[in-house]
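Written below as structure tokens is the structure these notes are about.
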Amino acid sequence: MVSDRRIAGGIGGRLFAVGALLLLVGIPIVTLVANALADGAEPLLSLASDRSVDAWRNSLLVAAAVTALSVLGGVAAALATERLAVRGRTALRIGMLLPLLVPDFVTAFSWQQAYAPGGLVDDVVGVSASWLLGPIGVIVVLTAGAIPLVYLVVAAGLATRAEPELERAARASGATRLDVWRSVTIPLAGPSIAGAATLVMVMSMNAFAIPSVLGTPEGFVTMTTRIYRDLAFAADSESFSRVLALSVLLAGSTLVVIGVADRLLPGRGPARSGVSASSSMASGRRSWLPTAPLWAYLGLSTALPLVALVLTALTRGIGLPPVPSNWTLDHFAEALGNRFGPAISNTLLLAVLAASAALVLGAVVVLGSRRSGRQWLGTAVSATFAVPGTVLAVSVLLAYGGALRDTLWLVLVAYLAKFWAVAHRPVAGAVDLMSPDPIRAAHASGAGPITTLRTITIPILRPALAAAWLLVFLFALHEVTMSILLYGPGSETMAVLILNLQQLGDPTVTAALSVVLTAITLAAALPLLARRGLLRRLGWA
Amino acid sequence: MTGTPAVLACHDLTVRYGSATAVDGVSLEVAAGESLALLGPSGSGKTTILSAIAGFIEPVAGRIELRGKIVAELGRSVPPERRRIGMVFQHYALWPHLSALETVAYPMRRGGAAPDAARAEAARLLDRLGLAKLAGRRPAELSGGEQQRVGLARAIARDPDLFLFDEPTAHLDTPLRAALQEELAARRASTGTAAVTATHDVGEALAVADRVVLLRDGRVVQVGTPRDVYERPVDVWAGRLTGPASLLGATILEPGTGDRPARLRIGNHEVALPSALDAQDVGEAQLLVRPDWVTLDGELPGTVEGLWYRGPHTDYRIASPGGRIDVREPGPPRFAPGAAVGWRLHRAWPMAAETGR
């Protein structure tokens with residue numbers, strides 16, 4: 001396919017992508033570095049301090065542990081629902097998406113309500129997790145949140161990618177089901193798994209909300225929380241210099257991870273054969289048994305904490321037992337009152353704009369760099385995701401803060417810079433797996449490049465495009481790392497309000513507002529998920 | 001060829017994948033209404049030639065003309081959608097999100113037809129091909145043969161100057177294959193549409209083509225009518241590619257000319273051939289012998305080494321003084337393994353003894 005440039009989006013698309021990349025990321029980062037260098041070498045030397053080294057080590061530890069655990073869990077869950085004769089598959093698939101709809105700071109907060117000493121479980125059975133505050137709690141809660149993400153990406157890969165004939169051929173060659181998974185299914189799902197692992201690693205290294213809620217009170221400091229504290233609570237120029245230096249270190253570490261992943265992990269599989277995927281090759285009696293651990297995971301990671309969260313929001317005051325006689329709707333009334341109305345509309349507007357624009361940008365890059373030896377463009381976009389939210393926010397503030405201060409546009413620029421990569425990965429994965437023949441057939445039928453894109457390429461990629469849009473939408477609803485640094489009067493998001501209230505120690509209103517945000521997410525996402533087309537095209541209904 | 005230009009002309013076509021040369025200086029022409037087969041083993045470059053003609057890949061050297069118009073030469077390439085070619089893909093390449101009717105209407109829409117007109121025309125075409133009942137189905141709901149037929153209907157719907165078939169009947173059963181070939185013959189007769197078929201199946205190549213191009217390692221080995229390439233292959237490789245072939249050691253006593261039969265010595269036996277040999281010299285020679293050029297009713301001695309009953313005919317392997325030869329006779333087996341038989345040679349094609357011609 002060396003000279004197969006008909007499939008590529010052409011030079012125009014690449015120029016557009018490069019321009020957008022410069023505007024969204026290049027200029028802000030250059031501004032940041034210029035500011036950092038203006039102070040000389042002093043900030044870099046400050047990195048050698050014990051606390052900076054601790055923060056660096058803690059971030060790497062968290063990222064490695066969370067990636068390993070969540071890839072194991074997510075791949076196992078995907079194989080269980082996609083390749084075993086299980087009952088209640090559809091319910092489970094939808095259930096596995098639910099944890100994704102809960103913002104990470106809400107997850108951290110609701111785990112506290114459920115499992116911390118004095119929480120719901122402590123109240124009812126007298127057992128509590130004293131480790132919840134500190135490194136183990138950070139890793140466990142981050143992993144609980146990352147498993148469904150890995151599951152979503154890998155299961156979609158298995159559903160659209162699955163070539164049951166290849167698996168049957170392995171069985172007919174004498175392979176056990178386990179051999180088939182090891183030698184056929186997982187290698188074929190390689191691109192999805194690699195994409196998911198990279199995503200989780202970068203996300204957990206750059207995670208802010210969960211380490212902030214669960215780590216900071218115990219003195220467990222990661223790079224992101226350290227940067228945030230120096231930025232938010234120290235006014236001296238020395239801590240600002242240290243912020244810049246630490247940011248460069250964090251961005252560099254993440255970049256190394258992505259570079260290594262892009263080199264070592266299987267990036268692209270062979271083109272799909274003409275055999276279409278069937279939803280499952282499983283046969284025999286359908287059983288609930290393989291799904292039991294997944295239901296248990298869902299119950300413990302999501303359902304129980306959410307119940308605890310709702311009870312906290314409903315209960316009249318802190319310390320009262322969460323029984324009906326103590327229930328009130330006052331906290332919800334406050335959460336939905338005039339005080340928080342603008343934040344709700346800001347949040348939704350930002351999420352829709354970010355998802356739509358990031359999808360267009362992601363598709364342009366994928367189609368512009370397909371099979372033309374221009375992988376660098378995709379790598380560049382993925383690399384933008386490595387720029388920690390905190391760093392990106394500071395950069396955007398330095399570059400565009402003058403013109404856009406206190407507006408939603410400032411937040412949107414940062415969101416696009418960050419979430420472009422989120423939209424890029426699923427689309428790139430799907431395009432890599434797409435055979436060139438359907439596109440050739442369109443050209444041979446008289447369709448030009450634009451018509452082919454509209455009538456053939458986009459419809460075939462629709463499941464991946466829908467997944468990409470939904471991912472960015474959810475990321476944007478939940479984003480707090482950047483918005484907490486970029487918001488101004490009138491451009492607060494719900495996430496910012498919730499985190500601020502939580503830190504001020506107002507658990508009841510925090511819980512009520514968390515329930516509202518989660519409900520908004522569910523309300524927005526469930527009709528989208530339940531749309532017959534999407535689930536069917538994913539092979540999921 | 002004077003006056004009307006050829007539908008397709010390739011001149012010194014060369015295609016490379018990286019440093020590997022897939023097609024190396026291939027020249028060929030297809031006249032209006034003509035059917036050309038590209039016959040070669042996998043890796044011989046036949047699919048690559050089709051891709052270059054369609055415009056999916058660009059040649060690094062040479063020129064492609066469609067109806068006298070240059071569509072590809074170095075640094076210049078007309079995109080596939082403006083080449084008026086109808087391609088049938090080896091693996092169908094049907095669009096997973098479109099029904100058969102929508103698929104067939106697709107090229108008509110691209111040709112400027114209104115949606116309703118395109119759908120009506122597509123429905124008529126499916127009906128004519130006996131596919132009306134498939135109209136509402138998507139590829140996942142079609143068998144392989146049905147998918148290939150919908151792919152053919154899509155190519156016909158393009159109303160092309162030239163059909164390109166990539167292993168078109170590799171996945172079809174016999175009745176469908178016959179129906180497909182009939183439909184193509186009718187199309188060519190009525191519209192003068194030419195076709196290029198890439199295949200590794202010699203039976204298909206000989207049956208569908210007016211001329212056959214033999215390809216090896218991206219180069220043309222021989223071009224000729226099906227009878228040419230079957231009866232007069234240029235070398236042993238070409239002979240084996242174009243059908244079952246045995247090599248018989250013999251001495252040419254008289255090559256014969258015109259109506260004068262040739263005279264040969266095989267072992268200790270002198271025999272006359274009914275026809276002349278197209279040979280320059282007398283002396284030792286390797287003769288290429290097709291199974292249908294021998295009958296088991298002559299004086300030459302032989303022994304049945306093996307036999308295979310095929311239904312309409314029986315294949316024998318005979319050990320003879322000139323070497324082992326394969327023979328095909330109509331009907332059920334007449335001899336048992338080990339039986340002594342007498343055989344007769346009706347035709348042979350000389351290969352130079354050392355070089356394999």
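The values are calculated or read from the model by the stated rules, or taken from the named source; none is laboratory data. Model, not experiment: these values are computed from the prediction. Because the Cβ atoms are built from the backbone with ideal geometry, glycine has one as well, and the counts that use them run over all protein chains shown.
Can you pull out every residue in the stretch B:72-88 that is surrounded by fewer than 18 Cβ atoms within 10 Å (Cβ to Cβ) and under 21 Å from B:Arg16 (Cβ atoms)?
Listed by number, the residues that qualify are B:Glu73, B:Leu74, B:Gly75, B:Arg76, B:Val78, B:Pro79.
Give the residues of the stretch B:237-255 that are over 20 Å from B:Arg227 (Cβ atoms) and either modelled with pLDDT of 95 or more or of a type outside the set (A, V, I, L, M, F, W, C) (or both), sorted by residue number.
As a first pass, look at the stretch B:237-255 and keep what is over 20 Å from B:Arg227 (Cβ atoms): B:247-255.
Scanning the stretch B:237-255 gives B:Gly249, B:Thr251, B:Glu254, B:Pro255.
Can you spot a residue in the stretch A:358-380 that is at pLDDT 80 or above and closer than 20 Å to A:Val480 by Cα?
Yes, because at least one residue in the stretch A:358-380 is at pLDDT 80 or above and closer than 20 Å to A:Val480 by Cα.
Go through the residues of the stretch A:154-175 one by one and say whether even a single one is closer than 30 Å to A:Asp230 by Cβ and of a type in the set (A, V, I, L, M). If you could, list the steps in order and put the result at the bottom.
Step one: of the stretch A:154-175, the residues closer than 30 Å to A:Asp230 by Cβ are none.
No; the residues of the stretch A:154-175 include none that is closer than 30 Å to A:Asp230 by Cβ and of a type in the set (A, V, I, L, M).
Can you tell me how many residues within the stretch B:1-37 are within 13 Å of chain A (Cβ to nearest Cβ), over 20 Å from the mean Cα position of the chain (by Cα) and crowded, with 16+ Cβ neighbours inside 10 Å?
Summing the residues that are within 13 Å of chain A (Cβ to nearest Cβ), over 20 Å from the mean Cα position of the chain (by Cα) and crowded, with 16+ Cβ neighbours inside 10 Å in the stretch B:1-37 gives 4.
Within the stretch B:270-290, does at least one residue satisfy the condition of being surrounded by fewer than 16 Cβ atoms within 10 Å (Cβ to Cβ) and modelled with pLDDT of 90 or more?
yes
List the number of the failed condition for B:Ala340; all other conditions in (1) surrounded by fewer than 20 Cβ atoms within 10 Å (Cβ to Cβ); (2) closer than 29 Å to B:Val221 by Cα; (3) among the aliphatic types (A, V, I, L, M) hold.
Among (1) surrounded by fewer than 20 Cβ atoms within 10 Å (Cβ to Cβ); (2) closer than 29 Å to B:Val221 by Cα; (3) among the aliphatic types (A, V, I, L, M), the lone unmet condition for B:Ala340 is (2).
Is it true that some residue in the stretch B:124-138 is surrounded by fewer than 19 Cβ atoms within 10 Å (Cβ to Cβ), closer than 22 Å to B:Ala207 by Cβ, within 11 Å of chain A (Cβ to nearest Cβ) and under 30 Å from the mean Cα position of the chain (by Cα)?
No, the stretch B:124-138 contains no residue that is surrounded by fewer than 19 Cβ atoms within 10 Å (Cβ to Cβ), closer than 22 Å to B:Ala207 by Cβ, within 11 Å of chain A (Cβ to nearest Cβ) and under 30 Å from the mean Cα position of the chain (by Cα).
Starting from the stretch A:163-179, keep only residues that are surrounded by 16 or more Cβ atoms within 10 Å (Cβ to Cβ), then list their pairs with residues that are at pLDDT below 70 whose Cβ atoms are within a distance under 6 Å, requiring at least 6 positions of separation or different chains.
Within 6 Å, the pairs are A:Glu163/A:Val275; A:Pro164/A:Ser278; A:Pro164/A:Met281; A:Glu167/A:Met281.
The rows are residues; the columns are (1) free of Cβ contacts under 8 Å to residues at least 12 places away in the same chain; (2) out of contact with any strand residue (DSSP E or B) (no Cβ under 6 Å at 6 or more places or on another chain); (3) surrounded by 15 or more Cβ atoms within 10 Å (Cβ to Cβ); (4) more than 16 Å from B:Val88 (Cα to Cα).
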| site | (1), (2), (3), (4) |
| --- | --- |
| B:Leu176 | no, yes, yes, no |
| B:Ala195 | no, no, yes, no |
| B:Arg211 | no, no, yes, yes |
| B:Gly218 | no, no, yes, yes |
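Can you find, within the stretch B:294-318, the residue that is surrounded by the fewest Cβ atoms within 10 Å (Cβ to Cβ) among those that are in contact with a Gly (Cβ under 6 Å, 6 or more places away or on another chain) and closer than 19 Å to B:Thr251 by Cα?
Ranking the qualifying residues of the stretch B:294-318, first place goes to B:Glu299.
Any idea which of (1) closer than 14 Å to B:Leu248 by Cα; (2) assigned to a strand (DSSP E or B) is the one B:Thr295 doesn't satisfy?
Just one mismatch for B:Thr295, condition (1).
Given the criteria free of Cβ contacts under 8 Å to residues at least 60 places away in the same chain, more than 26 Å from B:Ala238 (Cα to Cα) and among the polar types (S, T, N, Q), does B:Ser51 qualify?
It is false that B:Ser51 is free of Cβ contacts under 8 Å to residues at least 60 places away in the same chain, more than 26 Å from B:Ala238 (Cα to Cα) and among the polar types (S, T, N, Q).
Kindly indicate which of A:Pro489, A:Pro527 is at pLDDT below 85, part of a helix (DSSP H, G or I), surrounded by fewer than 21 Cβ atoms within 10 Å (Cβ to Cβ) and out of contact with any helix residue (DSSP H, G or I) (no Cβ under 6 Å at 6 or more places or on another chain).
Testing whether each residue is at pLDDT below 85, part of a helix (DSSP H, G or I), surrounded by fewer than 21 Cβ atoms within 10 Å (Cβ to Cβ) and out of contact with any helix residue (DSSP H, G or I) (no Cβ under 6 Å at 6 or more places or on another chain) leaves just A:Pro527.
Could you please give the count of residues in the stretch B:1-44 that are among the small types (Gly, Ala, Ser) and assigned to a loop (DSSP other than H, G, I, E, B)?
Going through the stretch B:1-44 one residue at a time, the tally reaches 11.
Do we have any residue at all in the stretch B:253-266 that's touching a Leu at 6+ places or on another chain (Cβ under 9 Å) and of a type in the set (Gly, Ala, Ser)?
yes
Is one or more of the residues making up the stretch A:429-447 more than 10 Å from chain B (Cβ to nearest Cβ) and within 22 Å of A:Leu353 (Cα to Cα)?
no
Contact list please: Cβ distance under 6 Å, first residue in the stretch A:321-339 and exposed (fewer than 13 other Cβ atoms within 10 Å of the Cβ), second residue of a type in the set (Phe, Trp, Tyr) and at pLDDT below 80, pairs at least six apart or on different chains.
Sorted first by the residue in the stretch A:321-339, then by its partner, the list stays empty.
Evaluate the following for A:Val352: is it at pLDDT 85 or above, farther than 20 Å from A:Gly252 by Cα and part of a helix (DSSP H, G or I)?
yes
Kindly establish whether A:Val480 is β-branched (Val, Ile, Thr), in a helix (DSSP H, G or I) and away from every other protein chain (no Cβ under 13 Å).
no
Restricting to the stretch B:73-109, name every residue that is under 21 Å from B:Gly145 (Cα atoms), small (Gly, Ala, Ser) and more than 9 Å from chain A (Cβ to nearest Cβ).
Correct list: B:Ser99, B:Ala100, B:Ala105.
Counting just the residues of the stretch B:110-120 that are within 10 Å of chain A (Cβ to nearest Cβ) and not in a helix (DSSP H, G or I), which one comes out surrounded by the fewest Cβ atoms within 10 Å (Cβ to Cβ)?
That would be B:Gly112.
Here is a list: A:Arg93, A:Arg87. Which entry is surrounded by fewer than 19 Cβ atoms within 10 Å (Cβ to Cβ), at pLDDT below 85 and either over 16 Å from the mean Cα position of the chain (by Cα) or more than 22 Å from A:Glu218 (Cα to Cα) (or both)? Steps first, please.
Details: A:Arg93 fails: surrounded by fewer than 19 Cβ atoms within 10 Å (Cβ to Cβ).
It is A:Arg87.
Restricting attention to helices (runs of 4 or more DSSP H) lying wholly within the stretch A:168-247, give those where 1 or more residues are out of contact with any strand residue (DSSP E or B) (no Cβ under 9 Å at 6 or more places or on another chain), at pLDDT 85 or above and among the small types (Gly, Ala, Ser).
A:190-205
Mind checking whether some residue in the stretch B:61-71 is in contact with a helix residue (DSSP H, G or I) (Cβ under 7 Å, 6 or more places away or on another chain), crowded, with 18+ Cβ neighbours inside 10 Å and either in contact (Cβ under 8 Å) with a residue 12 or more places away in the chain or away from every other protein chain (no Cβ under 14 Å) (or both)? Outline the logic, then answer.
Taking the stretch B:61-71 as the starting set, the residues that turn out to be in contact with a helix residue (DSSP H, G or I) (Cβ under 7 Å, 6 or more places away or on another chain) are B:64.
Okay, now just the ones that are also crowded, with 18+ Cβ neighbours inside 10 Å, so B:64.
With either in contact (Cβ under 8 Å) with a residue 12 or more places away in the chain or away from every other protein chain (no Cβ under 14 Å) (or both) added as a condition, the list becomes B:64.
The answer is yes; a qualifying residue exists.
In the stretch B:235-253, which residue that is part of a helix (DSSP H, G or I) and small (Gly, Ala, Ser) is farthest from B:Arg290 (Cα to Cα)?
Residues of the stretch B:235-253 part of a helix (DSSP H, G or I): B:236-241.
Pick out the ones that are also small (Gly, Ala, Ser) and you get B:238-239.
Working: B:Ala238: 13, B:Gly239: 9 Å.
Step by step, filter the stretch B:235-253, then rank; the result is B:Ala238.
A quick yes/no check of all residues on (1) over 30 Å from A:Ile439 (Cα atoms); (2) crowded, with 18+ Cβ neighbours inside 10 Å; (3) touching a Cys at 6+ places or on another chain (Cβ under 6 Å); (4) among the β-branched types (Val, Ile, Thr):
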site: A:Gly378; (1), (2), (3), (4): no, yes, no, no
site: A:Val396; (1), (2), (3), (4): yes, yes, no, yes
site: A:Gly402; (1), (2), (3), (4): yes, no, no, no
site: A:Asp406; (1), (2), (3), (4): yes, no, no, no
